[in-house]
1. Give the residue that is modelled with the lowest pLDDT, with candidates limited to residues of region A:299-312 that are among the β-branched types (Val, Ile, Thr) and open to solvent by less than 60 Å² (accessible area, probe 1.4 Å).
2. Go through region B:202-224 and give me each residue that's open to solvent by 10 Å² or more (accessible area, probe 1.4 Å) and under 19 Å from B:CYS120 (Cα atoms).
3. Of all the residues that make up region B:127-153, how many are more than 7 Å from every other protein chain (Cβ to nearest Cβ), closer than 18 Å to A:PHE185 by Cα and among the polar types (S, T, N, Q)?
4. What tally of residues in region A:197-230 results from selecting those that are hydroxyl-bearing (Ser, Thr, Tyr), touching a His at 6+ places or on another chain (Cβ under 9 Å) and within 14 Å of another protein chain (Cβ to nearest Cβ)?
5. For A:VAL116, state whether it is at pLDDT 95 or above, in contact with a strand residue (DSSP E or B) (Cβ under 8 Å, 6 or more places away or on another chain) and away from chain B (no Cβ under 12 Å).
6. Has region B:136-157 got any residue that is closer than 23 Å to B:THR285 by Cα, open to solvent by less than 20 Å² (accessible area, probe 1.4 Å) and hydrophobic (A, V, I, L, M, F, W, C)?
7. Is region B:197-208 home to any residue that is closer than 25 Å to B:THR107 by Cα and away from chain A (no Cβ under 14 Å)?
8. Inspect all residues belonging to region B:92-107 and state whether any of them is open to solvent by 20 Å² or more (accessible area, probe 1.4 Å), in a loop (DSSP other than H, G, I, E, B) and within 14 Å of another protein chain (Cβ to nearest Cβ).
Amino acid sequence: MSSIIHGAGAATALSTFNPVDSKKLTNLSVRSQRYIVAGSEASKKKSFGSALTVRHSQKLIPNAVATKEADTSTSTGHELLLFEALQEGLEEEMDRDANVCVMGEDVGHYGGSYKVTKGLADKFGDLRVLDTPICENAFTGMAIGAAMTGLRPVIEGMNMGFLLLAFNQISNNCGMLHYTSGGQFTIPVVIRGPGGVGRQLGAEHSQRLESYFQSIPGIQMVACSTPYNAKGLMKAAIRSENPVILFEHVLLYNLKEKIPDEDYICNLEEAEMVRPGEHITILTYSRMRYHVMQAAKTLVNKGYDPEVIDIRSLKPFDLHTIGNSVKKTHRVLIVEECMRTGGIGASLTAAINENFHDYLDAPVMCLSSQDVPTPYAGTLEEWTVVQPAQIVTAVEQLCQ
Amino acid sequence: MALSRLSSRSNGIARPFSAAFNRFISTDTTPITIETSLPFTAHLCDPPSRSVESSSQELLDFFRTMALMRRMEIAADSLYKAKLIRGFCHLYDGQEAVAIGMEAAITKKDAIITAYRDHCIFLGRGGSLHEVFSELMGRQAGCSKGKGGSMHFYKKDSSFYGGHGIVGAQVPLGCGIAFAQKYNKEEAVTFALYGDGAANQGQLFEALNISALWDLPAILVCENNHYGMGTAEWRAAKSPSYYKRGDYVPGLKVDGMDAFAVKQACKFAKDHALEKGPIILEMDTYRYHGHSMSDPGSTYRTRDEISGVRQERDPIERIKKLVLSHDLATEKELKDMEKEIRKEVDDAIAKAKDCPMPEPSELFTNVYVKGFGTESFGPDRKEVKAALP
């Protein structure tokens, strides 16, 4: 079976990515039928498969892990890049539900600044794929107002950083309206866009904003990292009745992977087990997943067995998966691209310490990006984010 | 003001029989034409005519509902002083004509969205007094289950979208509702109300730009009561002609204390919006109370000004004079009506006071809609509950 192949060095774009060796995932076959994370007892997991009922008429394939199914034929499925997976998910949802529309700058005729909405305007017309002028505050507000009546807009921020201009709408209206109206209005919007540190794009276009939105009550946040979960999360986010912020990463748009032909969605509140292990739990999301997996290769050679979990759901955290892992390994390392101060890692550290303190053999260590505006110079930019070498050092330190 | 009658009323006989009832001419829909007090001032469009079609039933309805709104707001004032209503309470008395005139011109499919001065508009949209007072006092029976408060009244089934604390933000929301109405081909319009203070927000112009580009049926209504909290309009706006501020979007300036002028303007605006896209209405109105209950309302304006407006332009007085001059009711009958309204409001308050506070578990409901059947209590759920659909 093929093992994980990565491009040399963190700075190069990852253009090919093979799914995780399925031999290592035999213990996950139990989970393959699980749709929603069950209660805290392990025994409940196995009985879940029979109790599954599907809400929609299509068969939903509940598979949290991007894996080649050992029993099904591997000739089904098609290979595509991450941005194409997002586009496919979006297109399928727009076909399925006439209320779904896309709003954003240059999403229509231009095809989207990262080509996620390419071709959609020709197919669905100007009323469903809307080119807005540059006014994030207004068009985010308009999407929220439209959502109050029942439409399901997908708001694209050309860069997540631009959505700071719409923060009032996202925090006060999007997050709160369901609550302050006593449940009368639902806001089924999806706010998506690329963020994160890219390739020398400058400080304002390389923002890591998950931390700014995480305190807003009423919204859900997810981060995609592979074409498989990108399409799955996009579809789940559109179908969800809650407002969902989907964080994409500028450097991950060209990842290639084979994804199933069938209709599938990923659970919005579930974490993904990337590599099971015994010695230490490494929690990560988005682009840092690849740095972690690269460090994992080095660690395996050195004799460590890290368990890597892509937490995917940034709000709320999937403490069930994380907790089970902590109970097994007793050591936690969080690797993220978010800011150190008040970031996702900071919240996660607090959550783990509060809930699983008894199971920890060492303090929770959190590697985040530096609390600086992203510099332009290449070398400085590299050191703004966590590098695989730092991850290896941290694991060695924790596992002493 | 000049009054003209279209048809002579032949039912002077009806009056003495129904002296025992309050609504003696309630079934009379004899049309009456009323002239608005002032002509309309227009920007980039032709103003509508000053003659407004109405009927005696409508006239009495206007009087009754406006008196109800007035009494409700004054009762809220006393409740606030008795500390039963807490936080912010923004009262609408003086501005009732805007709410009433707008309702008379539109249907429940047309949407209204406004900022925090929303009690009377909620009532006009079909809300009940009980819901209003319960919500103000934070009780379970409130329209938002007690979780919204004075600034967050909503009524989905009558297309009333609130109720917003941060002014200016409701205008893009309103344009979004108009977008949805166009998307679903509903032949309805959205009225997005804001004040002279919020008229200086940038997002208004952004939303107006998009609405004009996409031909959305959005009507922006500036309720110009001349004071943005404590700042007079001439101190906040370089150009206080709010109806002209749309630049390329037509506008109409309306006497907001005259319910019939408001009705005529809203009807005109609805027809315009359905055909040609957005339009701005500026309602020249006035509030007697301060900005909110914590504001006496006299530090930035003189008491003479307030009483002057009350004497010359009060909307209820105007309707009362029209009712009396058209012989639709006598002074005594109107006074009886007001007494009845007073009792109605007092009863609603008593009923609301008896209503329980929300249950503690309500703290966590409606934060999320139950999506795929999971509940959550904050970012670190101690227990994940799943209920399969």
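The values are calculated or read from the model by the stated rules, or taken from the named source; none is laboratory data. Keep in mind the model is a prediction, meaning the values are calculated, not measured. Note: ideal-geometry Cβ built from the backbone for every residue, glycine included; neighbour counts use all protein chains shown. Just the protein is used for accessible areas: all its heavy atoms, side chains included, with ligands, DNA and RNA removed. Shrake-Rupley method; radii C 1.70, N 1.55, O 1.52, S 1.80 Å.
1. Kept after step one, since they are among the β-branched types (Val, Ile, Thr), are these residues of region A:299-312: A:300, A:308-309, A:311.
Those left that are additionally open to solvent by less than 60 Å² (accessible area, probe 1.4 Å): A:308-309, A:311.
Working: A:VAL308: 96, A:ILE309: 96, A:ILE311: 93.
Once the filter is applied, the top-ranked residue is A:ILE311.
2. Selection gives B:GLU223 alone.
3. Within region B:127-153, residues that are more than 7 Å from every other protein chain (Cβ to nearest Cβ), closer than 18 Å to A:PHE185 by Cα and among the polar types (S, T, N, Q) number 2.
4. Total satisfying the criteria: 0.
5. Spelling it out, it is not the case that A:VAL116 is at pLDDT 95 or above, in contact with a strand residue (DSSP E or B) (Cβ under 8 Å, 6 or more places away or on another chain) and away from chain B (no Cβ under 12 Å).
6. Our first condition is that a residue be closer than 23 Å to B:THR285 by Cα; within region B:136-157, this holds for B:150-153.
When the remaining residues are screened for being open to solvent by less than 20 Å² (accessible area, probe 1.4 Å), the result is B:150, B:153.
Right, trim to hydrophobic (A, V, I, L, M, F, W, C) and you get B:153.
Among the residues of region B:136-157, at least one is closer than 23 Å to B:THR285 by Cα, open to solvent by less than 20 Å² (accessible area, probe 1.4 Å) and hydrophobic (A, V, I, L, M, F, W, C), which makes the answer yes.
7. No, region B:197-208 has no match at all.
8. no
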